[in-house]
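Enquirer: Before anything else, here's the structure in question.
No lab work stands behind these numbers, since they all come straight from the coordinates. What you see is a predicted model, and the numbers here were worked out from it, not measured in a lab. Neighbour counts run over all protein chains shown; Cβ positions are idealised from the backbone, glycine included.
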Amino acid sequence: MGGFFGVASHQDCVFDLFYGTDYHSHLGTRRAGLAVYSSGKGFDRAIHNIESSYFRPKFEGDIQTMSGHLGIGCISDYESQPLVIRSHLGAFAISTVGKINNIDEILEHLFAKGHQHFMEMSRGGTNPTELVASLISQKESFAEGIRFAQELIRGSMTILLLTKDGIYAARDRFGRLPVEIGKKDDGYCVAFESFSYLNLGYTSVRELGPGEVVFLTADGWETVKPPYKEMSICTFLWIYYGFPASVYEGLNVENARYECGRALARRDLTRDIRPDSVAGVPDSGIAHAIGYANEAGVPYERPFMKYTPTWPRSFMPTHQDKRDLIARMKLIPDEELISGKSLLLIDDSIVRGTQLRETTEYLFQSGAREVHVRPACPPLLYGCPFLNFSRSTSEMELITRRIILKLEGTRSPAKEVLDSYADPDSAEYKAMLEEIRSELNFTSLHYHRLDDMIKAIRVPSCRLCTYCWNGKNGCVSTSEDGQTTHTSS
């Protein structure tokens with residue numbers, strides 16, 4: 001994934017840029033960067049590796065020497081950025097968030113146009129941000145170049161582009177990720193997370209539409225390329241990786257999670273399940289659990305605590321076994337709240353199942369009588385082709401796919417077969433749930449239904465991407481490699 005923040009101010013913008021970018025640290029784990037422009041010094045940039053440390057200590061020294069009225073920053077899960085580029089359009093700095101599925105096709109296009117070479121990244125491959133910069137430079141203006149890149153890229157690409165005159169901000173073609181504009185007396189900002197600028201004195205102005213391109217200065221903003229009609233925003237923003245205080249499409253993340261928890265509780269009331277307490281797996285499961293507890297009238301308790309002073313987020317290490325180890329070690333059980341109890345546990349999702357199985361095991365080892373599990377979203381059946389959302393290299397890492405392989409005997413089931421496993425009323429779905437429940441040693445397992453989840457989120461299903469659950473990309477046609485095409489004008 002990744003996050004971004006940009007500032008255009010009549011004053012020096014470095015303070016706001018530093019803290020606004022830092023507020024996106026939950027979205028990326030490998031690289032971070034800042035780029036500023038001042039009329040006296042031109043472009044200045046700093047990039048650091050944040051795999052073993054956090055953003056703030058890495059950049060505290062840099063901001064003592066950086067200055068400028070315009071700036072962009074990013075937290076990246078992959079490549080080093082922002083990049084500073086010199087082109088026939090003039091010098092600019094650029095940062096991107098997204099995923100390009102047709103890199104080889106774009107490279108061939110650019111080589112055919114006379115582009116000589118691209119720098120190879122340390123881990124191999126082409127830097128996607130450099131590729132986007134090259135596409136933009138094919139046209140006669142930044143606005144035209146950004147729109148050209150949006151149309152050519154299969155997958156998604158949100159762009160911040162810093163020039164000497166202002167900042168271009170472009171939401172990805174189908175609005176899978178948000179782009180928010182904020183305002184205060186001496187300038188404007190643009191961000192992924194709407195909460196990121198509140199403590200800096202900004203108030204929300206508006207959210208960009210899908211594919212919309214705006215030009216931002218200290219005096220205001222203007223739309224230079226209008227939004228498209230189709231939107232397919234990532235539903236997982238509200239379920240998992242969006243920050244609780246943020247608002248997307250007018251819906252607060254924390255409230256959406258409360259509603260999801262309430263819907264889970266209403267389903268359980270028909271099953272006559274009455275646990276002694278409800279708990280959420282920190283951090284993203286907590287709000288779902290509070291909503292459940294309030295609706296069901298069951299006490300919300302914390303049978304384990306997350307030890308945060310020295311442990312980073314569980315997905316920070318590159319290797320899965322290390323991420324599982326950290327996830328296990330940073331949760332500390334409170335046996336007095338566990339022993340002899342029937343517990344209902346809510347996590348945002350079940351991906352591989354490793355972490356939740358180990359969490360359940362130590363709850364039983366600490367004396368729990370029962371552990372009922374309620375994931376806050378439906379079973380994940382597909383890997384995401386649109387965003388760098390996870391490090392999964394194969395859909396067979398998903399526990400659902402491994403179970404379907406066991407039940408069907410094939411690694412590549414037809415779409416119709418997967419549809420039957422996505423249907424919560426089907427025999428196939430019930431068989432899959434029982435296999436997962438048994439393998440992970442839960443007392444009971446019931447996922448959030450997709451229809452209940454969409455109702456809780458209150459965004460029309462045609463404007464939501466639910467691909468990872470049912471293979472549907474809103475009202476946009478989707479092929480296996482992430483190609484998207486219009487289904488309406």
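Enquirer: Which pairs, out of Lys184/Lys229; Lys306/Lys341; Lys406/Lys430; Lys99/Lys472; Lys229/Lys472; Lys139/Lys472, put more than 22 Å between their alpha-carbon atoms? Each step should come with its number before you reach the end.
Expert: Details: Lys184/Lys229 30 Å; Lys306/Lys341 20 Å; Lys406/Lys430 14 Å; Lys99/Lys472 18 Å; Lys229/Lys472 18 Å; Lys139/Lys472 33 Å.
From Lys184/Lys229; Lys306/Lys341; Lys406/Lys430; Lys99/Lys472; Lys229/Lys472; Lys139/Lys472, over 22 Å: Lys184/Lys229; Lys139/Lys472.
Enquirer: Magnitude of the Cβ-charge dipole of region 251-485, K/R +1 and D/E -1, about the Cα centre, nearest 20 debye? Present the calculation step by step, with values, prior to reporting the outcome.
Expert: Working: 31 positive and 33 negative charges, 75 e Å.
Charge dipole, region 251-485, about its Cα centre: 360 debye, nearest 20.
Enquirer: Among Gly73, Ile403, Gly261, whose Cα lies farthest out toward the positive end of the dipole of the chain, if unit charges sit on the beta carbon of Lys, Arg (+1) and Asp, Glu (-1)?
Expert: Positive-most Cα among the choices belongs to Ile403.
Enquirer: Let me ask something additional. Which of the three applies to the chain, rounded, prolate or oblate, going by the alpha-carbon gyration tensor with a ≥ b ≥ c and a/c under 1.5 meaning rounded? Mind showing how you got there, number by number?
Expert: Details: a/c = 1.94, a/b = 1.58, b/c = 1.23.
Prolate.
Enquirer: Taking 0.36 nm per residue of sequence separation and subtracting the Cα-Cα distance, how much length would be gained by fully extending the chain between Lys455 and Lys184, in nm to one decimal? Mind showing how you got there, number by number?
Expert: On the way: separation 271, 0.36 × 271 = 97.56 nm, distance 3.48 nm.
Extra length available between Lys455 and Lys184 comes to 94.1 nm.
Enquirer: Given labels modelled 7 Å from the Cα in the Cβ direction, how far is it in nm from Glu60 to Glu144?
Expert: Spacing of the two 7 Å Cα→Cβ label points: 4.8 nm.
Enquirer: Let me ask something else. Once you have a ≥ b ≥ c as the square roots of the Cα gyration tensor eigenvalues for region 388-452, tell me rounded if a/c is under 1.5, and otherwise prolate or oblate according to whether a/b is larger than b/c. All intermediate terms of the calculation are to be shown ahead of the outcome.
Expert: Numbers: a/c = 1.29, a/b = 1.18, b/c = 1.09.
It comes out rounded by the Cα gyration axes.
Enquirer: Suppose every Lys and Arg Cβ carries +1 and every Asp and Glu Cβ carries -1, with no other charges. What dipole size does the chain come out with about its Cα centre, to the nearest 20 debye?
Expert: Dipole of the chain, to the nearest 20 debye: 120 debye.
Enquirer: Considering every pair of different Cα atoms, what Kirkwood radius, in Å, is found for region 2-228?
Expert: Numbers: mean 1/r = 0.0582 Å⁻¹.
17.2 Å is the Kirkwood radius here.
Enquirer: Mind giving me the FRET efficiency for Glu222 and Lys430? R0 is 41 Å, r the Cβ-Cβ distance, nearest 0.05 is fine.
Expert: Details: r = 54 Å, r/R0 = 1.32.
E between Glu222 and Lys430, to the nearest 0.05, is 0.15.
Enquirer: Select from Ser349, Cys13, Tyr292 the residue farthest towards the positive end of the dipole of the chain; place +1 on Cβ of Lys and Arg, -1 on Cβ of Asp and Glu, and compute about the Cα centre.
Expert: Ser349
Enquirer: Calculate, in nm to one decimal, what Asn294 and Asn102 gain on full extension: separation in residues at 0.36 nm each, minus their alpha carbon distance.
Expert: Numbers: separation 192, 0.36 × 192 = 69.12 nm, distance 4.66 nm.
Value of the extension gain: 64.5 nm.
Enquirer: Apply 1/(1 + (r/R0)^6) to the Cβ-Cβ distance of Ser339 and Arg271, taking R0 = 30 Å, and write down the FRET efficiency to the nearest 0.05.
Expert: Numbers: r = 25 Å, r/R0 = 0.83.
Here the calculated transfer efficiency is 0.75.
Enquirer: Kindly provide the trypsin sites (Lys or Arg not before Pro) of region 248-287 that DSSP labels as loop, not H, G, I, E or B, and whose Cβ sees at most 11 other Cβ atoms within 10 Å. Don't jump to the answer; show the numbers that get you there.
Expert: Values: sites: Arg257, Arg262, Arg266, Arg267, Arg271; in loops: Arg271.
Sparse-neighbourhood loop trypsin sites (Lys or Arg not before Pro): Arg271.
Enquirer: Let me ask something additional. Write out the GluC sites (Glu not before Pro) in region 408-473 meeting two conditions: DSSP loop, and at most 13 other Cβ atoms within 10 Å of their Cβ.
Expert: Passing both the DSSP loop test and the Cβ count: no residue.
Enquirer: Can you give the calculated 222 nm mean residue ellipticity of the chain, where each DSSP H run of n ≥ 4 adds -39,500 (n - 2.57) and the sum is split over every residue, rounded to the nearest 500 deg cm²/dmol? Please report the intermediate quantities before stating the final value.
Expert: Details: 14 runs with 139 residues, N = 489.
Rounded to the nearest 500, the figure is -8500 deg cm²/dmol.
Enquirer: Pull out a ≥ b ≥ c, the square roots of the eigenvalues of the alpha-carbon gyration tensor of region 124-266, then state rounded if a/c is under 1.5, prolate if not and a/b is larger than b/c, and oblate in the remaining case.
Expert: Numbers: a/c = 2.25, a/b = 1.41, b/c = 1.60.
Note, shape of region 124-266 comes out oblate.
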